[in-house]
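Q: This is the structure, below, for whatever I ask next.
The values are calculated or read from the model by the stated rules, or taken from the named source; none is laboratory data. Bear in mind the structure is a predicted one, so any value in this text is a computation, not a measurement. Positions of Cβ are generated from backbone atoms using ideal geometry, with glycine treated the same way; all protein chains shown enter the neighbour counts.
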Amino acid sequence: MNFAELGIGAPMLDVLSRAGYTEPTAVQAAAIPLALAGRDLLVSSHTGSGKTAAFMLPLLQRLKAAPRSPGRGPRVLVLAPTRELAMQVDAAALAYGAGLPRLRTAALVGGTPYGLQIRKLERPLDVVVATPGRLLDHIGSGRIDFSRLETLVLDEADRMLDMGFLADIEAIVARMPQDRQTLLFSATLDGVVGQLARRLTRDAQRIDIGATPERKADIEQVMLFADDLRHKTRLLDALLRGAEVRQCVVFAATKRSTEDLCGLLADSGFSVAALHGDMQQGQRTRTLQRLRDGQTQVLVATDVAARGIDVAGISHVINFDAPRQAEDYVHRIGRTGRAGRSGVAVTLMGHHERHRVRDIERFTGQPIRIDVIPGLEPRFRPAPAFKRPARPGPSRRPSDRPHARWQGTR
């Protein structure tokens, strides 16, 4: 089944084709036809399942029709738990809807100027993506109304409730039309999330993709030890010059190190851009669009980008700075191996960070292969400090993998 068979038409089909997406993910195949039909949905799906496209594509398709009533308020409202996720969803709306005439969106989040948001709210809007707190500020000031709202989306509803937004969500929903469509996406649909879902939806169709394993990404995971910052930088340069690297996301720990690393790679001749939380929305959107268009080979990013980049051409992820949390590692490496393709994730580790490898392997249940680049071996060959989990199924040598290019140490 393809996107056209699900009911998605031009111009979104053209955008998907240029990005290399032909086969919908499980959550997209299940949700898109129902969302197009106007059904309320309760969706549980795992990280990297393609949920943003699962709700944004059908809603953009429906925006091609004339609004049901006049006004300037949004026709679609997406509530998200964090500024970063809200801006990523807004960027996705602009990217998927690039061919729609006069598509207007606004991201109402903290950390960005009120003035710009107020100016956007003075014009008719199609899509508003917001965090609950900032949206309530605008509602309280009379700057936004929901008289022509058609669809409410709660993205990562469980996280919003964990962050204490239940009262805010209920205050926002109380101002909305009763005949709206509601789509709720969450890692779990039990407990408080389930209770909220029952209050907000009508005859909702439940979709549970969270435990489905068939879409597991084919990502080769490799770790290289670095003696110091200079050694780590040389390893990064060697990796990026590999012939098999099409596009790569390099993760750094801080905004400052992101900018510094971006400048260093630009001086070395790479087509590179930076992405971090201090950038304005327009700049972020342009940066991601250049990545999607293939104009940027290397994107250096903080974890703000880990959940929102969905570009099929990303062949490699390199963790220049190791993630602090094992969950962040999963989100980072999920930027490669998209749309059924294989990918490579390389983590550069200092010898003092070996405990993070153990945490990641325990969290994922998968081993990370220790490797070296010939000529750039670390001065100290690390000895295993813990027992690695057994690899399920028959073992495969690195040379059997299409992306393998380093000689192993084991």
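Q: Could you tell me whether any residue of the stretch 398-410 is modelled with pLDDT of 80 or more, in the same structural domain as Ala226 (by TED's automatic domain parsing), out of contact with any helix residue (DSSP H, G or I) (no Cβ under 7 Å at 6 or more places or on another chain) and surrounded by fewer than 20 Cβ atoms within 10 Å (Cβ to Cβ)?
A: The initial filter retains those residues of the stretch 398-410 that are modelled with pLDDT of 80 or more, namely none.
Scanning the stretch 398-410 turns up no residue that is modelled with pLDDT of 80 or more, in the same structural domain as Ala226 (by TED's automatic domain parsing), out of contact with any helix residue (DSSP H, G or I) (no Cβ under 7 Å at 6 or more places or on another chain) and surrounded by fewer than 20 Cβ atoms within 10 Å (Cβ to Cβ).
Matching residues to (1) in contact (Cβ under 8 Å) with a residue 60 or more places away in the chain; (2) within 16 Å of Asp310 (Cβ to Cβ):
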site: Ile333; (1), (2): yes, yes
site: Thr336; (1), (2): yes, yes
site: Gly343; (1), (2): yes, yes
site: Leu348; (1), (2): yes, no
site: His351; (1), (2): yes, no
site: Asp359; (1), (2): no, no
site: Phe363; (1), (2): no, no
site: Ile368; (1), (2): yes, no
site: Pro374; (1), (2): no, no
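Q: Would you confirm whether or not the stretch 80-101 contains a residue that is aliphatic (A, V, I, L, M), out of contact with any Ser or Thr (no Cβ under 7 Å at 6 or more places or on another chain) and free of Cβ contacts under 8 Å to residues at least 60 places away in the same chain?
A: Taking every residue of the stretch 80-101 in turn, none turns out to be aliphatic (A, V, I, L, M), out of contact with any Ser or Thr (no Cβ under 7 Å at 6 or more places or on another chain) and free of Cβ contacts under 8 Å to residues at least 60 places away in the same chain.
Q: Of Thr188, Thr258, which residue is polar (S, T, N, Q) and either closer than 18 Å to Ala157 by Cα or in contact with a Pro (Cβ under 9 Å, 6 or more places away or on another chain) (or both)? Give the derivation first.
A: Numbers: Thr258 fails: either closer than 18 Å to Ala157 by Cα or in contact with a Pro (Cβ under 9 Å, 6 or more places away or on another chain) (or both).
Within the list Thr188, Thr258, the selection yields Thr188.
Q: Of the numbered conditions (1) part of a helix (DSSP H, G or I); (2) out of contact with any helix residue (DSSP H, G or I) (no Cβ under 9 Å at 6 or more places or on another chain); (3) surrounded by fewer than 17 Cβ atoms within 10 Å (Cβ to Cβ), Glu244 satisfies every one except a single condition; which is it?
A: All conditions pass for Glu244, except number (1).
Q: Does Asp158 count as among the acidic types (Asp, Glu), buried (at least 21 other Cβ atoms within 10 Å of the Cβ) and closer than 25 Å to Ala35 by Cβ? Talk me through it step by step, then tell me what you get.
A: Values: among the acidic types (Asp, Glu): yes; buried (at least 21 other Cβ atoms within 10 Å of the Cβ): yes; closer than 25 Å to Ala35 by Cβ: yes.
In short, yes.
Q: Looking for whichever is within 17 Å of Met56 (Cβ to Cβ) and at pLDDT below 95 here; the options are Ala167, Ala130, Ala157. Which one fits?
A: On the way: Ala167 fails: within 17 Å of Met56 (Cβ to Cβ); Ala130 fails: at pLDDT below 95.
Result of the check over Ala167, Ala130, Ala157: Ala157.
Q: Can you name every residue in the stretch 247-261 that is exposed (fewer than 15 other Cβ atoms within 10 Å of the Cβ) and part of a helix (DSSP H, G or I)?
A: Restricting attention to the stretch 247-261, the residues satisfying the condition of being exposed (fewer than 15 other Cβ atoms within 10 Å of the Cβ) are 254, 256, 260.
Matches in the stretch 247-261: Arg256, Asp260.
Q: Can you list residue pairs whose Cβ atoms sit under 7 Å apart, with the first residue in the stretch 245-270 being farther than 18 Å from Tyr329 by Cβ and the second being of a type in the set (Phe, Trp, Tyr) and modelled with pLDDT of 95 or more? Count only pairs 6 or more apart in sequence or on different chains.
A: Here the result reads Leu261/Phe320, each pair linking the stretch 245-270 to a residue that is of a type in the set (Phe, Trp, Tyr) and modelled with pLDDT of 95 or more.
Q: Output the residues belonging to the stretch 48-82 that are surrounded by fewer than 21 Cβ atoms within 10 Å (Cβ to Cβ) and within 18 Å of Leu161 (Cα to Cα). Explain how you work it out, then say what you get.
A: First, pick out the residues of the stretch 48-82 that are surrounded by fewer than 21 Cβ atoms within 10 Å (Cβ to Cβ): 48, 62-73, 81-82.
Residues satisfying the conditions are Pro81, Thr82.
Q: Select, from Leu236, Leu200, Leu264, Leu224, the only residue that is surrounded by 15 or more Cβ atoms within 10 Å (Cβ to Cβ) and closer than 30 Å to Phe146 by Cβ. Spell out how you get there, then give the answer.
A: On the way: Leu236 fails: closer than 30 Å to Phe146 by Cβ; Leu264 fails: closer than 30 Å to Phe146 by Cβ; Leu224 fails: closer than 30 Å to Phe146 by Cβ.
That would be Leu200, the only listed residue that is surrounded by 15 or more Cβ atoms within 10 Å (Cβ to Cβ) and closer than 30 Å to Phe146 by Cβ.
Q: If you take the residues of the stretch 96-125 that are buried (at least 20 other Cβ atoms within 10 Å of the Cβ) and out of contact with any His (no Cβ under 8 Å at 6 or more places or on another chain), which of them is nearest to Arg18 (Cα to Cα)?
A: If we take residues in the stretch 96-125 being buried (at least 20 other Cβ atoms within 10 Å of the Cβ) and out of contact with any His (no Cβ under 8 Å at 6 or more places or on another chain), then Tyr96 is nearest to Arg18 (Cα to Cα).
Q: Related question: Out of all the residues in the stretch 14-32, which are surrounded by fewer than 17 Cβ atoms within 10 Å (Cβ to Cβ) and more than 22 Å from Leu103 (Cα to Cα)?
A: Step one: of the stretch 14-32, the residues surrounded by fewer than 17 Cβ atoms within 10 Å (Cβ to Cβ) are 14, 17-18, 20, 22-23.
Of everything in the stretch 14-32, those that are surrounded by fewer than 17 Cβ atoms within 10 Å (Cβ to Cβ) and more than 22 Å from Leu103 (Cα to Cα) turn out to be Gly20, Thr22, Glu23.
Q: Sort out which residues of the stretch 284-304 are within 14 Å of Val250 (Cβ to Cβ) and part of a loop (DSSP other than H, G, I, E, B), and write them in order of number.
A: Thr296, Gln297, Thr302
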